[in-house]
Amino acid sequence: MYRGAQVSPDEEQPQPVSPRRLRLLLVDENSTARAVIGRRLSHRHYDVTVVEDGFAAQKTLIIQPSDIILIDMDSQLLPAIATMEKIRAAHPGGHACIVMIGGASDTPKMIAALDAGADDHIVKPFDFEMLDARLRRVHARAERVNLLSRQYAELDARIARRAMELGETRETLRQLELDRARLMASVDHLQAEVARLSAR
C-alpha cells in the first residue's frame, strides 16, 4: 500500500497554487491505489485521469493528451513497459513524461523501464510530497528539452531556407554567366563578320 493512504483533514487542504495544473494520467489496475493516488494528486493541483490498464490508457490519450503518465509496474493485463512502448509508438510527437511506480523489489524491472525510455521511476511506499516534487522536476526537465528541440528545429529551418536562397543565388549567377558567355560569343561573331566584310 501507499504511505499516507489515510488522509488527514490537513492533507486534504489544497497546496499552494502552481503556475498551471498539469494533466496527469494514472495507469493502475488496483482500484484502491487509483482512488488514493488520484485524490491526493488532485489536491496538489493536477488534473488527474485514472484508468485501469494500458489499453484504456491508449484510448484515453487519443482524445485527452497528458503532461505526465504514471504507470504501475505491477500491471498484468498489459505490462508497464509494453504500455509505455505502445504509447510512445502511437504518439511519436508527444512530449508526455512517463514515470514508473514500483516496489523496492522491482529494481530489475525499473532499470529495464528506464532503458526502454521511461523518464523516471519512484519506489513505493512513497511520500506524496516527494512524488509531487519528482513529477514536477521531471516535467520541468522535459519542458526544457522540448524548448531546445523547438529552437533547434527553427534553426535548422532557417539554415535550410538560407541554403535554398544561396542555391537560388548561385543558379542566378550561373545563368548570368551563361548569358554573358553567349553575348560575348555573339559579339565575337559579329566582329569576325564585320572584319570579313571589311576585307572585301
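The dipole here belongs to the range 116-200: it is taken about the Cα centre, uses +1 on the Cβ of Lys and Arg and -1 on the Cβ of Asp and Glu, and is about 260 debye.
If R0 is 41 Å, the Cβ-Cβ spacing of Ala82 and Arg162 corresponds to a FRET efficiency of close to 0.40. Between amide H atoms placed 1.01 Å from N, distances below 5 Å from Asp47 occur with Leu22, Arg23, Leu24, all of them 5 or more places distant or on a separate chain. Using helices alone, I'd like the mean residue ellipticity at 222 nm for the chain: each DSSP H run of four-plus residues gives -39500 (n - 2.57), total over residue count, nearest 500. When only DSSP H runs of four or more count, the value is -20500 deg cm²/dmol. The long axis of helix 31-42 is offset from the longest Cα principal axis of the chain by roughly 60 degrees.
Against the chain, whose longest principal axis comes from its Cα atoms, helix 128-198 is set at around 10 degrees. Rg/Rh for the chain stands at 1.49; both radii use Cα atoms, and Rh follows the Kirkwood definition.
Compared with the dominant principal axis of the Cα atoms in the chain, helix 80-90 is inclined by about 30°. Partners of Lys124 within straight-line reach, counting lysines whose Cα lies under 20 Å from its Cα and excluding those fewer than 8 residues away in the same chain: Lys109. Averaging the sequence gap over all C-alpha pairs within less than 8 Å and six or more residues apart, then dividing by the number of residues, gives the range 58-174 a relative contact order of 22 percent. Computed extension length for Val187-Glu143: 9.3 nm, one decimal, from 0.36 nm per residue of separation with the Cα-Cα distance subtracted. Within the chain, DSSP assigns beta bridges of which about 0% are antiparallel (rounded to the nearest 5).
Projected onto the charge dipole of the chain (+1 at Lys/Arg Cβ, -1 at Asp/Glu Cβ, origin at the Cα centre), which of Thr49, Leu61, Thr172 gives the Cα projection farthest towards the positive end? Among Thr49, Leu61, Thr172, the one farthest towards the positive end of the dipole of the chain is Thr172.
Of the residues His91, Leu70, Ile81, the one whose Cα sits farthest towards the positive end of the charge dipole of the range 70-148 is His91 (charges of +1 on Lys and Arg Cβ, -1 on Asp and Glu Cβ, taken about the Cα centre). Excluding same-chain residues fewer than 8 positions from Lys59, which lysines have a Cα within less than 21 Å of its Cα? Those lysines meeting the cut-off are Lys86.
Taken together, the values in this text are just the output of simple stated rules run on the coordinates, not laboratory data. Quick caveat, the model's predicted, so the values are computed rather than measured. Positions of Cβ are backbone-derived with ideal geometry, glycine not excepted, and every protein chain shown enters the neighbour counts.
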